[in-house]
1. Run the numbers for S55 and A67: contour at 0.36 nm per residue of separation, minus the present Cα-Cα distance, in nm.
2. Treating only the Cβ of Lys, Arg, Asp and Glu as charged (+1, +1, -1, -1), what charge dipole size does segment 53-99 show about its Cα centre? Round to the nearest 20 debye.
3. Shape verdict for segment 79-175, please, from the Cα gyration tensor: rounded (a/c under 1.5), prolate (a/b greater than b/c) or oblate.
4. Could you sort the peptides 50-62, 103-115 by per-residue average Cβ neighbour count (10 Å cutoff), highest mean leading?
5. Which distance in nm do the two modelled labels at R153 and A43 give, with both placed 7 Å along the Cα-to-Cβ direction?
Amino acid sequence: LAQEPVQEVDRVGGVVVLSGGGSWWMVGLQVLLVNAVAISLIATVVYRARREEDSTPVVIKTHVTEAPSVDQLTSLRHEFDLLRELDGRALPKARALVDRKPGLALVLEDVGGEPLTRWGRAGSPRPLLDVLRVARGALAGLAALHRHGVVHRDIGPQNILYDPERGEAHLVDLS
């Protein structure tokens, strides 16, 4: 994740808190190694983290490879620009696009929740109210995209996050 060495400074509830890491400090983040949330088709990995100055939860989306292609760089820039323009409560807000020489890191609001791909692992049917909330959130995200002429090219359970405690669903991964 970082170009410079990182060191473990604490363990909190099984989460390893790291410090260091060069460019991450430029945006005031401490990376919480929670395991990768997802790896996408354009060779990106998503990490959950907290901003150092106010402990705000964020998501960091960056390249898997050390030398990303022009297409991979363009894809992250495009997602950042789209999310800055769009006003949809069912889409995460873009916080920053950080130059990580030679790649980029997209810093997004952490909307919480888990991908729907994890729903099937529970083994029991979901309450109807949860299903309706997921549908409402996914459709609200799609409506916000379509109002701006944007088509989400990868709608699927891996790109819909649901937080049952808050009853909110969000559409993610516009790259």
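Each value in this text was obtained by applying a stated rule to the coordinates, not by laboratory testing. Remember, it's a predicted structure, so these values are computed and weren't measured experimentally. Glycine gets a Cβ as well: all are built from the backbone with ideal geometry, and neighbour counts include every protein chain shown.
1. Taking S55 through A67 to full extension adds about 1.3 nm, to one decimal.
2. Approximately 180 debye in magnitude.
3. Cα axes put segment 79-175 in the prolate bin.
4. Packing order, densest peptide first, comes out as 103-115, 50-62.
5. Each label point lies 7 Å from its Cα, and together they span 1.6 nm.
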